[in-house]
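Colleague: Pasting a structure below so you can have a look.
The values are calculated or read from the model by the stated rules, or taken from the named source; none is laboratory data. Treat the numbers as computed from the prediction; the structure is a model and nothing was measured. Neighbour counts are summed over all protein chains in view; Cβ atoms, including those assigned to glycine, are modelled from backbone coordinates with ideal geometry.
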Protein chains: 2
Amino acid sequence: MQKIRLGIVGVGKIVRDQHLPSIAGNGDFELVATASRHGTVDGIPAYQTIEAMLEAHPELDAVSLCMPPQFRYLAAHAALEAGKHVFLEKPPGATISEVEDLKRMAAAKGVSLFASWHSRYAAAVEQAKQFLKASPVRSMKVTWKEDVRHWHPGQAWIWEPGGQGVFDPGINALSILTHITPAPLHLTSAELEFPENRAAPIAATLAFGSANGLEVAAEFDWRQTGKQSWDIEADTEAGHMRLADGGAKLFIDGTLTFEAPDREYPALYARFAEIIKAGVSDADIAPLIQVADAFMLGRRKIVDAFHD
Amino acid sequence: MQKIRLGIVGVGKIVRDQHLPSIAGNGDFELVATASRHGTVDGIPAYQTIEAMLEAHPELDAVSLCMPPQFRYLAAHAALEAGKHVFLEKPPGATISEVEDLKRMAAAKGVSLFASWHSRYAAAVEQAKQFLKASPVRSMKVTWKEDVRHWHPGQAWIWEPGGQGVFDPGINALSILTHITPAPLHLTSAELEFPENRAAPIAATLAFGSANGLEVAAEFDWRQTGKQSWDIEADTEAGHMRLADGGAKLFIDGTLTFEAPDREYPALYARFAEIIKAGVSDADIAPLIQVADAFMLGRRKIVDAFHD
């Protein structure tokens, strides 16, 4: 089978760290061109805009959209209009309605739309899901605490409306949570802490319920120095589960029961190739809905200014 | 056919003004019981909670849920669990995920769920929709400006998280807008004005786009004294359309071309009976998604304190 000729839009840190090695390691893809205001990839034709790239490379089969979410819709629209398959970095958009629009457009064009959630492909996530399926769950706790200065130095867009602040990492937790819990969750209360000089929250406290009575508490905090935490814990009749390090490791009653090397982005590209070959889309927006619900239902608290 | 035996939960102003006369005027329904902390209906058995009502009246076929949205999910869950058809006042819930949950539950139970949007049944809405369908639309403008002191005196819940502030009337505009525009809209920017002493916005400025280039501007303001405005205007190739008075009147190029007496709530109950008989649900959440998007993408501006 011919390779899938791919263009990348928005060449930044995540593309260099994750997308390029994953594409290079996947025999189904061939990187043909990039579009980015500043970034380029050695040896690959580079354009300033997606429109210029699409015009110069009509042979492209697919594009990966890796710019900040506030700019994703227009690029996705252009790519779908041109009949390309589309890989959306997370979050898939700045609003729910624009992603719904892209889903309709992809269906009408007969191409594949992939709303990617890399954390769902973390090593131990499927094991955690199987564990929770087998053992009645009493309650769960999500702790996602990291140092924004370390992980997002000087990223201005992330503090702007649509950048979602602490929900940028938090949506990774929500993408795992909505995937592994045995019942659909709905937000029951939320508090969002906004630095007085920023348009996006630096911390959030969330509570979820489910129709069958499961309760989940979540703490997202970007002010964490020292030990960083990306944990999902569950108290179950079969013991205490801890999915740690962003989904990489599974502990049962304190004992490490599963870990494996990180293959999140390689798995994303394997999945993208799979849905293109199958002629389907994969665009679950449950994590984005949880974020929108948090903004809608959340009580706002103004906290100290944040300076990079 | 036997009448649909109905219970009402949350007996307040909207129930007395609209639901009771509409139910009395609809031969398909028989009001059997109410549940409310304070309100009662003369001659109808009254209970304090939906659980007590459901237990005392197993013959109930359906319930109308008219309490503030923050309390709607638990009541809807109890009613669906008991196998009743459910009429949700607008907005259908405090979060998107809880309404999605109710949709799944209603489908699993084989009962009808109705997410009601009364403004979609305003007299001239269908005429406006037909007009917009026939004539290419250049741009649209929504002006929803009213005096909160007059329309919502002392309603504390409306200022709490989940009460949605100015989106309580604004979602009526959005329910019409999402129904009559020829293409799906997505929010492109928003500014929300929060009084410094309140948890919900008192005003909002919104901008929407669509895949085919339609632009819509919306202004919601609760500080409007004097003339009140509930207008949706469109510039089209066939002239200027103004859907006025919350959907009651249609003006084309300044001339009143359609009006009819208000039948919003009678039409809602006619629709509820229809979907029950047909064994289907009617639960479009597009207006609620637009509100969630506005909270997620909206820039927050703190404005003067509001006192009732």
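Colleague: Any residue at all in the stretch A:297-304 that's modelled with pLDDT of 95 or more, in a helix (DSSP H, G or I) and within 14 Å of another protein chain (Cβ to nearest Cβ)?
Modeller: yes
Colleague: I need the full set of residues from the stretch B:81-113 which are among the charged types (D, E, K, R) and within 18 Å of B:R271 (Cα to Cα), in order please.
Modeller: The initial filter retains those residues of the stretch B:81-113 that are among the charged types (D, E, K, R), namely B:81, B:84, B:89-90, B:98, B:100-101, B:103-104, B:109.
Matches in the stretch B:81-113: B:K84, B:E89, B:K90, B:K103.
Colleague: Of these, B:D308, B:D284, which one is part of a loop (DSSP other than H, G, I, E, B), touching a Gly at 6+ places or on another chain (Cβ under 9 Å) and at negative phi? Break it down stepwise before answering.
Modeller: On the way: B:D284 fails: touching a Gly at 6+ places or on another chain (Cβ under 9 Å).
Within the list B:D308, B:D284, the selection yields B:D308.
Colleague: Where residues in the stretch A:290-308 are touching a strand residue (DSSP E or B) at 6+ places or on another chain (Cβ under 9 Å) and crowded, with 21+ Cβ neighbours inside 10 Å, which of them is nearest to A:G247 (Cα to Cα)?
Modeller: Here the residue is A:Q290.
Colleague: Another question about this same structure. Examine the stretch A:264-281 for a residue that is of a type in the set (K, R) and away from every other protein chain (no Cβ under 14 Å), and state whether such a residue exists.
Modeller: Here is the first cut: in the stretch A:264-281, the residues of a type in the set (K, R) are A:271, A:277.
Narrowing the set further to residues that are away from every other protein chain (no Cβ under 14 Å) leaves A:271, A:277.
Taking every residue of the stretch A:264-281 in turn, at least one turns out to be of a type in the set (K, R) and away from every other protein chain (no Cβ under 14 Å).
Colleague: Which of the following residues is under 27 Å from B:D293 (Cα atoms) and over 17 Å from the mean Cα position of the chain (by Cα): A:I50, A:I14, A:I23, A:I4?
Modeller: Numbers: A:I14 fails: over 17 Å from the mean Cα position of the chain (by Cα); A:I23 fails: under 27 Å from B:D293 (Cα atoms); A:I4 fails: under 27 Å from B:D293 (Cα atoms).
Of the residues listed, the single one that is under 27 Å from B:D293 (Cα atoms) and over 17 Å from the mean Cα position of the chain (by Cα) is A:I50.
Colleague: Out of everything in the stretch B:96-111 that is under 18 Å from the mean Cα position of the chain (by Cα) and in contact (Cβ under 8 Å) with a residue 60 or more places away in the chain, what residue ends up being farthest from B:D282 (Cα to Cα)?
Modeller: Of the residues in the stretch B:96-111, the ones under 18 Å from the mean Cα position of the chain (by Cα) are B:96-100, B:102-103.
Among the residues that remain, those that are also in contact (Cβ under 8 Å) with a residue 60 or more places away in the chain are: B:96, B:99-100, B:102-103.
Working: B:I96: 15, B:V99: 12, B:E100: 12, B:L102: 12, B:K103: 9 Å.
Filtering first and then ranking leaves B:I96.
Colleague: Does A:I285 satisfy being within 14 Å of another protein chain (Cβ to nearest Cβ), of a type in the set (A, V, I, L, M), surrounded by fewer than 17 Cβ atoms within 10 Å (Cβ to Cβ) and under 30 Å from B:I158 (Cβ atoms)? Let's see the steps before the verdict.
Modeller: Values: within 14 Å of another protein chain (Cβ to nearest Cβ): yes; of a type in the set (A, V, I, L, M): yes; surrounded by fewer than 17 Cβ atoms within 10 Å (Cβ to Cβ): no; under 30 Å from B:I158 (Cβ atoms): yes.
Considered against the rule, which asks whether it is within 14 Å of another protein chain (Cβ to nearest Cβ), of a type in the set (A, V, I, L, M), surrounded by fewer than 17 Cβ atoms within 10 Å (Cβ to Cβ) and under 30 Å from B:I158 (Cβ atoms), A:I285 comes out as no.
Colleague: Report every pair of residues separated by at least 6 positions or lying on different chains whose Cβ atoms are under 8 Å apart, first residue within the stretch A:249-278 and under 30 Å from A:K109 (Cβ atoms) and not assigned by TED's automatic domain parsing to the domain that holds A:A24, second of a type in the set (V, I, T) and in a helix (DSSP H, G or I).
Modeller: Listed by first residue and then by second, the contacts come to A:Y269/A:I23.
Colleague: Of (1) within 29 Å of B:L256 (Cβ to Cβ); (2) buried (at least 18 other Cβ atoms within 10 Å of the Cβ), B:Q130 satisfies all except one. Which?
Modeller: (2)
Colleague: Could I ask something else about it? Which condition does A:T205 not pass, out of (1) farther than 16 Å from A:L288 by Cα; (2) touching a strand residue (DSSP E or B) at 6+ places or on another chain (Cβ under 7 Å); (3) of a type outside the set (D, E); (4) touching a residue at least 24 places away in the same chain (Cβ under 8 Å), if it passes all the others?
Modeller: (4)
Colleague: Let me ask something else about it. Report yes if some residue within the stretch A:178-189 is touching a helix residue (DSSP H, G or I) at 6+ places or on another chain (Cβ under 7 Å), surrounded by 20 or more Cβ atoms within 10 Å (Cβ to Cβ), among the hydroxyl-bearing types (S, T, Y) and touching a residue at least 12 places away in the same chain (Cβ under 8 Å); otherwise report no.
Modeller: yes
Colleague: Here's something else I'd like to know. Kindly check whether there is at least one residue in the stretch A:123-137 that is more than 14 Å from chain B (Cβ to nearest Cβ), in contact (Cβ under 8 Å) with a residue 24 or more places away in the chain, in a strand (DSSP E or B) and under 30 Å from A:I252 (Cβ atoms).
Modeller: Step one: of the stretch A:123-137, the residues more than 14 Å from chain B (Cβ to nearest Cβ) are A:123-137.
Retained after the next criterion (residues that are in contact (Cβ under 8 Å) with a residue 24 or more places away in the chain): A:123-125, A:127-129, A:131-137.
With the extra rule that they be in a strand (DSSP E or B), the set shrinks to A:137.
Imposing the further condition that a residue be under 30 Å from A:I252 (Cβ atoms) reduces the set to A:137.
Scanning the stretch A:123-137, I find at least one residue that is more than 14 Å from chain B (Cβ to nearest Cβ), in contact (Cβ under 8 Å) with a residue 24 or more places away in the chain, in a strand (DSSP E or B) and under 30 Å from A:I252 (Cβ atoms), so the answer is yes.
Colleague: Sticking with this one: For the stretch B:98-111, which residues satisfy the criterion of being surrounded by fewer than 24 Cβ atoms within 10 Å (Cβ to Cβ) and either part of a loop (DSSP other than H, G, I, E, B) or at the interface with chain A (Cβ under 8 Å from one of its Cβ atoms) (or both)?
Modeller: The answer is B:E100, B:D101, B:R104, B:M105, B:G110, B:V111.
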